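Below is one structure, written out as structure tokens; the observations come after it.
Each reported figure results from applying straightforward, stated rules to the coordinates on display, with no laboratory input. Because the structure is a prediction, the values reported are computed rather than measured.
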Amino acid sequence: MDPEPIGYVYVRVADEVEQEIRSGRLPYGARLPNERDMGAQYGVAPGTVRRAVQELRDRGLVVTLPNKGTFVVAEPPSAD
């Protein structure tokens with residue numbers, strides 16, 4: 001992750017995951033890693049990942065299914 005401390009860390013994590021989704025590196029229907037693994041990947045605490053995932057849900061990019069995980073939605077909204 002970019003070391004520049006601009007804005008909230010969870011928003012920066014959400015922005016990076018969104019870029020991965022929109023670029024196709026994280027394909028539609030893919031399951032996101034668990035909070036601990038994502039935290040290690042981005043160098044942040046699991047609570048920060050939790051807030052980032054909530055931000056992604058608010059953006060309409062992922063959906064969380066109880067006892068299944070968090071998945072990239074099949075048709076994300078267009079980036080205007």
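Structure notes:
- In Hz, Karplus ³J(HN,Hα) per residue of region 19-33 (6.51, -1.76, 1.60; θ = phi - 60°; x = Gly, Pro): 4, 5, 5, 5, 7, x, 5, 10, x, 4, x, 6, 8, 6, x
- For the pair Q41 and Q54, the difference between a 0.36 nm per residue extended length and the Cα-Cα distance amounts to 2.9 nm.
- The alpha carbons of region 1-62 give a radius of gyration and a Dmax of 10.9, 31 Å, in that order.
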